[in-house]
Amino acid sequence: DTAVSQTPKYLVTQMGNDKSIKCEQNLGHDTMYWYKQDSKKFLKIMFSYNNKELIINETVPNRFSPKSPDKAHLNLHINSLELGDSAVYFCASSLGLAGGRGDTQYFGPGTRLTVL
Amino acid sequence: AQTVTQSQPEMSVQEAETVTLSCTYDTSESDYYLFWYKQPPSRQMILVIRQEAYKQQNATENRFSVNFQKAAKSFSLKISDSQLGDAAMYFCAYRSTLGPNKLVFGAGTILRVKS
């Protein structure tokens, strides 16, 4: 059983389109995250949600909108895609919110987004 | 803000040998967590090892161990008896115990294993 899953794994689209990436975790975790890995492999957090509530929004353009229908799902919707949005997007989850000891984040397989 | 530095863009090791990957970080906090994640060509991010700053004992996981030097803000990863399957990008990451749970990553080190 996959702990953190993402769909699709690959996404190729044209500039200006709107696309969504879905993430689901079956670990019973309360907190979920989106990270972006750029072409130089640098990883940076974008968002985190705890029990459907937005906790972290790290200066991400408004074109990116996370949506959490329930605590097991965190989707990422991107409007008006730009060339610079090409990257690998990782979903992750952890048991708790903050300050908890041993609160490790577990990552999904990533979604490679290519904007042409 | 905390920063994590991995000064070795690429390292090579012979199969069965030992290699050490370096990581330094900058923080004014006294309690935090440090992690090493592995990213093989499959792209999956896999947790290798975790260290809690309040613990003086270095963490170990089978062939993987860390050398945690809190005063020097250094957190190196030692891989013993290197195997071909260890070839990957390795990321060092920092997590504060204050504020929201988020990982701050270093730039990564590519590890190549030669047979």
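The values are calculated or read from the model by the stated rules, or taken from the named source; none is laboratory data. Just so it is clear, the structure is predicted and the values come from calculations on it, not from any experiment. Cβ coordinates were reconstructed from backbone atoms using ideal geometry, including for glycine residues, and neighbour counts include every protein chain displayed. The area values use the complete protein model at the heavy-atom level, side chains included, leaving out ligands, DNA and RNA. Shrake-Rupley method; radii C 1.70, N 1.55, O 1.52, S 1.80 Å.
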### Average accessible area per residue (Å²) across chain A - probe 1.4 Å, nucleic acids and ligands excluded
48
### Task
State the percentage of accessible surface on chain B attributable to carbon and sulfur atoms; use a 1.4 Å probe and exclude ligands, DNA and RNA.
47
### Task
Pull up all non-local amide H partners of A:Asn17: gap of 5 or more, or a different chain, and H-to-H distance under 5 Å with H placed in the peptide plane.
A:Leu81
### Query
How big is the gap, in Å, between the Cα center of the stretch B:22-73 and the Cα center of the stretch A:34-80?
25
### Globularity index of the protein assembly as shown, i.e. its alpha-carbon radius of gyration over 2.2 N^0.38 Å
1.02
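Tell me the per residue accessible area of the stretch B:1-103 using a 1.4 Å probe; a whole number in Å² is fine. All intermediate terms of the calculation are to be shown ahead of the outcome.
Details: 4870 Å² over 103 residues.
Accessible area per residue: 47 Å².
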### Message
Within chain B, which is the longest segment that contains none of the trypsin sites (Lys or Arg not before Pro) sitting in a DSSP loop with at most 14 other Cβ atoms within 10 Å?
### Response
B:1-54
### Query
Expressed as a whole percentage, what fraction of the accessible surface of the stretch A:16-110 belongs to carbon and sulfur atoms when a 1.4 Å probe is rolled over the protein heavy atoms?
49
### Message
Going by amide H atoms built from the backbone, whose H comes under 5 Å of the H on B:Leu111, apart from near neighbours?
### Response
B:Met11, B:Ala88, B:Met89, B:Tyr90
### Query
If the viscosity is 0.890 mPa s and the temperature 25 °C, what translational diffusion coefficient in µm²/s does Stokes-Einstein give for the stretch B:3-114 when Rh comes from Kirkwood over Cα pairs?
174
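What are the chymotrypsin sites (Phe, Trp or Tyr not before Pro) within the stretch A:7-116 that DSSP puts in a loop, where the Cβ has at most 15 other Cβ atoms within 10 Å? All intermediate terms of the calculation are to be shown ahead of the outcome.
Details: sites: A:Tyr10, A:Tyr33, A:Trp34, A:Tyr35, A:Phe42, A:Phe47, A:Tyr49, A:Phe64, A:Tyr89, A:Phe90, A:Tyr106, A:Phe107; in loops: A:Phe42.
Hits after loop and neighbour filter: A:Phe42.
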### Summary
Residue-ordered couplings for the stretch B:48-53, obtained by feeding phi - 60° into the Karplus form 6.51 cos²θ - 1.76 cosθ + 1.60 and rounding to whole Hz (Gly and Pro as x), are 9, 6, 9, 10, 9, 5
### Task
Two decimals is fine: what is log10 I(q)/I(0) at q = 0.10 Å⁻¹ for chain A, from a Debye sum with one equal scatterer on every Cα and no solvent?
-0.27
### Message
Could you compute the net charge surrounding A:Lys52? Neighbours are other residues with a C-beta less than 9 Å from the C-beta of A:Lys52; K and R count +1, D and E count -1.
### Response
-1
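Please compute the contact order of chain A in relative form: average sequence separation of alpha-carbon pairs under 8 Å and at least six residues apart, divided by the residue count, as a percent. Can you show the working numbers first?
Values: 291 pairs, mean separation 41.9, N = 116.
Relative contact order, chain A: 36 percent.
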### Message
Please list, ordered by chain and number, the residues whose modelled amide H lies under 5 Å from the amide H of B:Ala59; skip anything fewer than 5 residues away on the same chain.
### Response
B:Val66
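Leaving out ligands, DNA and RNA, calculate the buried accessible area for the pair A and B with a 1.4 Å probe, summed over both sides, in Å² to the nearest 100. Can you show the working numbers first?
Working: alone 6640 and 6520 Å², together 10980 Å².
By this definition, chains A and B bury close to 2200 Å².
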